[in-house]
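Here is the structure we will look at, set down as structure tokens.
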Amino acid sequence: MSGTPSQPTDPAEIRPSTVAPARPSGPGAPGPEIHAIHHADRAALAELPWHLPLDEWPETLLGGLPRGISRHVVRYVEIGDEVLAIKETDDRQALREFDILGALGNLDVPLVEPRAYVNGRRTASGEKLNGALITAYLEFSLPYRALFSRDLATDTGGRLVDALAVLLARLHLVGFYWGDVSLSNTLFRRDADAYAAYVVDAETGELHEQLSDGQRNMDLRIARMNIAGDFLDLQAAGLIAAETDPLAAGERLCESYNALWAELTRVEEFSVNERWRIDERIRRLNDLGFDLGELTVTTDIDGISLLVEPKVVEPNHHSRRLLRLTGIGANENQARAMLNDLDSFRSAPEIAEVDELDESQAARRWLEEVYKPLIQAIPENLTRKLEPGQIFYEFAEHRRTMARARQRDIPTMEAIAYFIVDYLANLPDEIRYVDSEQF
């Protein structure tokens, strides 16, 4: 995709229409303007002490959550049953990033959800304060440093970099130039044996109709440098081996991204007698977690060859299929694992010999006999360990390990009991791991 890029989208064109201001009263000065998507948020946010700099807010407001160090002052407040992240930044930047996050959310990009922005803040004596951007805390997400501080599987760094490469490709497909690609500006959720990456900081980004090759390559150059810096920081903290090559991590991201981008956008030419190659291309995309939403097929003048160019490539192939079959929402690799388990369930002799189930019928039986018994058996105090999609993946892996060790199939309820006691109960809670690395 080359050519002259369009100008960045005007924020006024992408700002959610539901935003409306509220002006709470504050001690000694007019209150700030609070622009929130949800009315309930506006009312609750109006009670916060916006006349104080964020780093002076009382600890009682912060729910005991850790502060940390950041290039911005960031605090977390509990409002009702949820946690909101508040980042202090200048008025114009708060509005701009709010708009960008909202536009990206409408394009189905994985990111933190923008909830409000605040401007016009002043102290009780009338001194001007920075504005603020407010986002919803992304449950079960982890900053990259937290993942390196735990006893995890090998190649954690590589899997994080690969997840970031997928996120960057998705951003570029919708015309977003990030401008500050790094592990530090990303949050990660477990996704089966991999990770899913989410945008958490978009203040340097620009949204275009389409990116030029030059813009994409600039993002890659920035990514290579920033990721090397992230790994140098990990080395300095003693979280990775001293012999690890930080530059290799940046190179891996570029290699992963370039391979994925080529598969998503490559134009292919082949004989009119080789139309089956279109099906092969679609299957390769599905294996990568994408669907081919639209393509252009052009026949040459002599009618001898076809030129195939993808026009619309849609992510989350497995997630959408699982949702359609079962109503379960899950990350892409979690969905792939559940669909594989569903296929295995459907082909089991005790199922296949009794009933010839179609895919939808098998999905309903799998839900009632495998998925629901597991989720319903989890004690309430353990539901904060992992999100449901990851719980199922870990359960399936634990069950397979048990079966290999005991050389027999493990009945579902027996496998669930052992999984909860031997594995799940020993994991740390991940529903709310709060750390300043989010900003």
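Within the P(r) computed for the range 142-265, what percentage of the Cα pairs occupies the region above 17 Å? Mind dumping the intermediate values first?
On the way: 4083 of 7626 pairs.
Value for the range 142-265: 54 percent of Cα pairs lie more than 17 Å apart.
For the chain, state the average projected area of the convex hull of the C-alpha atoms over all orientations, rounded to one decimal in nm².
26.0 nm²
Using the alpha-carbon centroid of each, what span in Å lies between the range 92-113 and the range 192-215?
11 Å
If a helix is a whole DSSP H run, which ones in the chain reach 20 Å or further along their own axis (Cα) and hold a mean Kyte-Doolittle hydropathy of at least 1.0?
Details: long enough: 91-106 (23 Å, -0.31); 156-173 (26 Å, 1.08); 213-236 (34 Å, -0.41); 246-265 (29 Å, 0.03); 332-347 (23 Å, -0.98); 388-406 (27 Å, -0.96).
Helices meeting the span and hydropathy rule in the chain are 156-173.
Before I look further, what does the chain give for accessible area per residue, probe 1.4 Å, in whole square angstrom?
Accessible surface, normalised per residue, equals 47 Å².
Rounded to the nearest 500 deg cm²/dmol, what is the calculated helix-only ellipticity per residue at 222 nm for the chain, with -39500 (n - 2.57) per DSSP H run of length n ≥ 4?
Estimated from H runs of four or more residues: -12500 deg cm²/dmol.
In whole percent, and with a 1.4 Å probe on the protein chains, what portion of the accessible area of the range 319-426 is carbon and sulfur?
C and S fraction of accessible area: 48 percent.
Output the relative contact order of the chain, whole-number percent, from Cα pairs under 8 angstrom with separation of 6+ residues.
15 percent
Normalised by the empirical 2.2 N^0.38 Å for globular proteins, what value does the Cα Rg of the range 268-315 take?
That works out to 1.19 for the range 268-315.
Volume per residue, Å³, of the convex hull around the alpha-carbon atoms of the range 319-426? All intermediate terms of the calculation are to be shown ahead of the outcome.
Working: hull volume 10.4 nm³, N = 108.
Considering the Cα atoms of the range 319-426, their hull volume per residue is 96 Å³.
What percentages, rounded to whole numbers, describe P(r) for the range 213-367 computed over all alpha carbon pairs with 10 Å bin width beginning at zero?
Distribution as computed: 9, 23, 24, 24, 15, 5, 0 percent.
Expressed as a fraction of 2.2 N^0.38 Å, the rule-of-thumb size for a compact globular protein of N residues, what is the C-alpha radius of gyration of the range 65-187? Each step should come with its number before you reach the end.
Values: Rg = 16.3 Å, N = 123, 2.2 N^0.38 = 13.7 Å.
Ratio of Cα Rg to 2.2 N^0.38 Å: 1.19.
Taking 8 Å as the Cα distance limit and 6 or more residues as the minimum spacing, I'd like the relative contact order of the range 75-211 as a percentage.
Numbers: 224 pairs, mean separation 33.1, N = 137.
So the answer I get is 24 percent.
I'd like the carbon and sulfur percentage of the solvent accessible area for the range 142-265, probe radius 1.4 Å, heavy atoms only, ligands and nucleic acids excluded.
Carbon and sulfur: 50 percent of the exposed surface of the range 142-265.
The values are calculated or read from the model by the stated rules, or taken from the named source; none is laboratory data. Treat the numbers as computed from the prediction; the structure is a model and nothing was measured. When the accessible area is computed, the model is the full protein with side chains, heavy atoms only, and any ligands, DNA or RNA have been set aside. Shrake-Rupley method; radii C 1.70, N 1.55, O 1.52, S 1.80 Å.
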